[in-house]
Structure formats: structure tokens, C-alpha cells
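The values are calculated or read from the model by the stated rules, or taken from the named source; none is laboratory data. What you see is a predicted model; the values in this text were computed from it and never measured. All Cβ positions, glycine included, derive from the backbone under ideal geometry; neighbour counts span all protein chains shown.
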Amino acid sequence: MTRRQLRESTLMLVFQNIFKQEDCVDILEVNLEAGLFNIDNDVRDYFFGIEKHKEDIDIIIKKYLKNWKIDRISKISLSILRIAFYEIIYKENMETNIVISEAVEISKNYLDQDDTAFINGVLGAYSKDI
């Protein structure tokens, strides 16, 4: 599985979790049974890691929102941001610029140009601070 596939599979789980707010194990099991996308141990690790650190990640996201509240962000944008911040902060040997570039590229598949620019702006502001 490529890193892009890992991120996109994780995106599907993180996005579903926003709406269903069920136990992560239940969400994972339903998706494994459905077999609509690939779920391996790396996807599991990302999904559970993001859920474990979600509150801390959201605090960081809030810090970089200008004239926005986190509950106004589209759920897919929020999911992409959570994955990117998780990778930057909690995964070793991840280059911030590559993570940002991947988040922007993935967002192009699901969002319009304004939302993609928004994601790039939030992540870019964070990268300047670190």
C-alpha cells in the first residue's frame, strides 16, 4: 500500500467517525466487512492514533484558524487536517512539506479549490511556526 492509499483509506474511516461517533473498533469492523477500500495494519494504526490524539490535534487546528471555528469546517476538510497533523506531530521521520503536499493533493479529489486553499493555508501557517 502506498502512502497515498494509506492516507485515503484512513480518510474514509476518520470521516465516518465524525458522523457516526461510534467505537472505532465497530467502524473498522463494518468497513472490513464491506471491503470497499483497503484496510491494513498501518491504516488501523493511523485511525486509532488519530482518535487517541484527536482532542490535542483539534486544539492545534483551532490555533491556526483565522476567523473560523472548527465546527464550521467541512467534515472532509477536518478529516484531512486531522490526518496531516497526526502525521506531522506523531509519526517519526515525516517531512512536513511532503505531508502538506499530500494533504493538498488528496483534498483536490474531494473538495473545491477554496477548501483546498484553506487546508494549505492552515497547514502552511503551522509549518512556518515550527
Search the range 76-107 for residues being loosely packed, with under 13 Cβ neighbours inside 10 Å and charged (D, E, K, R), and hand back the single one that is modelled with the lowest pLDDT. Glu92
Among what's in the range 21-51 and is of a type outside the set (Val, Ile, Thr) and in contact with a Phe, Trp or Tyr (Cβ under 9 Å, 6 or more places away or on another chain), pick the residue that is modelled with the lowest pLDDT. Asn31
Kindly provide the set of residues from the range 1-56 that are among the basic types (Lys, Arg) and closer than 21 Å to Lys108 by Cα, ordered by number. Arg3, Arg4, Arg7
Can Asp42 be described as in contact (Cβ under 8 Å) with a residue 12 or more places away in the chain, more than 23 Å from Ile130 (Cβ to Cβ) and of a type in the set (Asp, Glu)? yes
Which residue out of Ile61, Ile18 is at pLDDT 85 or above, among the hydrophobic types (A, V, I, L, M, F, W, C), in a helix (DSSP H, G or I) and crowded, with 19+ Cβ neighbours inside 10 Å? Ile61
Among (1) under 20 Å from Val43 (Cα atoms); (2) under 14 Å from the mean Cα position of the chain (by Cα), where does Ile119 come up short? (1)
Within the range 37-71, the residues that are farther than 15 Å from Met1 by Cβ and aliphatic (A, V, I, L, M) are Ile50, Ile57, Ile59, Ile60, Ile61, Leu65, Ile70
If we keep just the residues of the range 110-130 that are of a type in the set (S, T, N, Q) and farther than 10 Å from Ile80 by Cβ, which is surrounded by the fewest Cβ atoms within 10 Å (Cβ to Cβ)? Gln113
Just name the residue that is surrounded by the fewest Cβ atoms within 10 Å (Cβ to Cβ) out of those in the range 33-58 that are among the hydrophobic types (A, V, I, L, M, F, W, C) and in a helix (DSSP H, G or I). Ala34
Name the residue that is farthest from Thr2 (Cα to Cα), counting only residues in the range 85-108 that are without any contact (Cβ under 8 Å) to a residue 12 or more places away in the chain and not in a loop (DSSP other than H, G, I, E, B). Lys108
